[in-house]
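Enquirer: What follows is a single structure, and I will ask about it in a moment.
Bear in mind that the values in this text are calculations on the coordinates, not laboratory data. These figures come from a predicted structure and were not determined experimentally. Note: ideal-geometry Cβ built from the backbone for every residue, glycine included; neighbour counts use all protein chains shown.
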Amino acid sequence: MSKSNMSKRYSAEFKRDAVALVRSSGRTVTAVARELGVSPEGLRNWVRQDDTDRGEGPAGALTSAEKEELRRLRRQNREQQQTIEVLRKATVFFARESDR
């Protein structure tokens, strides 16, 4: 597997500390990323998301809480659609059985 396809997961605390280091050090995102051993683009995304979470992001950008709620609602919607499909099939099955 190539390096670009390998996604590392970092804790929220690590991300928070990395963003704080960028903000307090006065160094570039690239320099801090190199020091921490993370992708500069990944760190840049964390800084951008932190801006959004603090109400300083671009108009229409979703906060972390909003993104999590959207994920939760999409998962719930998917589960409900599956339940509806099972009930629809059961209804068709039992309607056929009662016609016999």
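Enquirer: Just how large is the dipole of the chain about the Cα centre, in debye to the nearest 20, putting +1 at every Lys and Arg Cβ and -1 at every Asp and Glu Cβ?
Expert: Dipole size: approximately 340 debye.
Enquirer: Let me ask you something else. Once the dipole of the chain is set up with Lys and Arg at +1 and Asp and Glu at -1 on Cβ about the Cα centre, which of Ser25, Val47, Phe93 lies farthest towards its positive end?
Expert: Phe93
Enquirer: Please list 74-85, 21-32 highest first by mean number of surrounding beta-carbon atoms within 10 Å per residue.
Expert: 21-32, 74-85
Enquirer: Once fully extended, how much extra length lies between Gln81 and Glu41, figured as 0.36 nm per residue of separation less the alpha-carbon to alpha-carbon distance?
Expert: 10.8 nm
Enquirer: From the list [x] 78, 37, 21; [y] 43, 27, 20; [z] 32, 26, 25, can you say which value of Cα extents along the principal axes in Å was derived from the structure given?
Expert: After the calculation, the listed value that fits is [x].
Enquirer: Can you compute the charge dipole magnitude of region 10-61 about its Cα centre, using +1 on each Lys and Arg Cβ and -1 on each Asp and Glu Cβ, nothing else charged? Give it in debye, rounded to the nearest 20.
Expert: Once rounded to the nearest 20, the dipole reads 120 debye.
Enquirer: For Arg23 and Glu56, compute 0.36 nm times the residue count separating them, minus their Cα-Cα distance, and round to one decimal in nm.
Expert: 10.5 nm
Enquirer: A follow-up question, please. Which angle from 0 to 90°, rounded to the nearest 10, does the C-alpha axis of helix 12-25 make with the longest principal axis of the chain?
Expert: Orientation of helix 12-25: about 30 degrees from the principal axis.
Enquirer: Relative to the longest principal axis of the chain, what angle (0 to 90°, nearest 10) does the C-alpha long axis of helix 64-99 take?
Expert: 10 degrees
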